[in-house]
Amino acid sequence: MATGTCARAGVAANSVAVNKIRGAGRMGCLSCWDFLLPPLLQRTQCASPVAAHGHNAAIPKPGDTRNMFSHIMIGTNNLDRSKAFYDAVLGVLEVPPGAVDRHRIFWRTKTGVFSVSLPIDGQPATLGNGSTFGFACQSPEQVNAWHAAGLAHGGTSCEEPPGVREGPAGKLYLAYLRDPDGNKICGLHRLPRV
């Protein structure tokens, strides 16, 4: 595990935690990386060297087309219920209806794939304690519509009501839901910096 001192925050930084969030070769503490911001909009970077990789932290350059994920798949115990729920909440985000493939459903966009699946080991699907899957929204109104669609299709509200939350990444308009299987999901819109 490579560690160092974050040049911005002046505290010990663990590269492994950040590498899992941002990709190998990047070093910094969570106060240094605005990991909720798209890589090209980050306002700071940590200049600490990463001993295990032999180079300094770097923000992706314009034109960098690498993606972190190919897909995200979560478990379900009821495909029909999950399809109705996710067709509704993702439909608000202009994602086409999911395509059923035997024991899985896929929602595809140019930027990634979201999927639900009956567990292939035959055991019940269980939710990940501490897991949240966030969906990008284009406006606070779209976040509210996303949340309302989820409630109307078997989801339950969790956390605080939809609204603005402020942190190191700036102001975010957020709404949280639990899907019908209990998975925690989030609709998020990044408010412009003033």
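Every number here is computed from the coordinates shown, using simple stated rules; none is lab data. Predicted model, so just to flag it, every value in this text is computed and none were measured. Neighbour counts run over all protein chains shown; Cβ positions are idealised from the backbone, glycine included.
What would the Debye formula give as log10 I(q)/I(0) at q = 0.18 Å⁻¹ for the alpha-carbon point model of segment 57-194, no solvent? Taking Cα atoms of segment 57-194 as identical point scatterers yields -1.07.
For K110 and S131, calculate 0.36 nm times their separation in residues minus their Cα-Cα distance, and state this gained length in nm to one decimal. Display every interim value, and only then the final one.
Working: separation 21, 0.36 × 21 = 7.56 nm, distance 2.40 nm.
So the chain would gain 5.2 nm between K110 and S131.
How much net charge surrounds F106 when only the other residues with a Cβ under 15 Å from the Cβ of F106 are counted, with Lys and Arg +1 and Asp and Glu -1?
Details: positive: K83, R102, R104, R108, K110; negative: D87, D101.
It works out to a net charge of +3.
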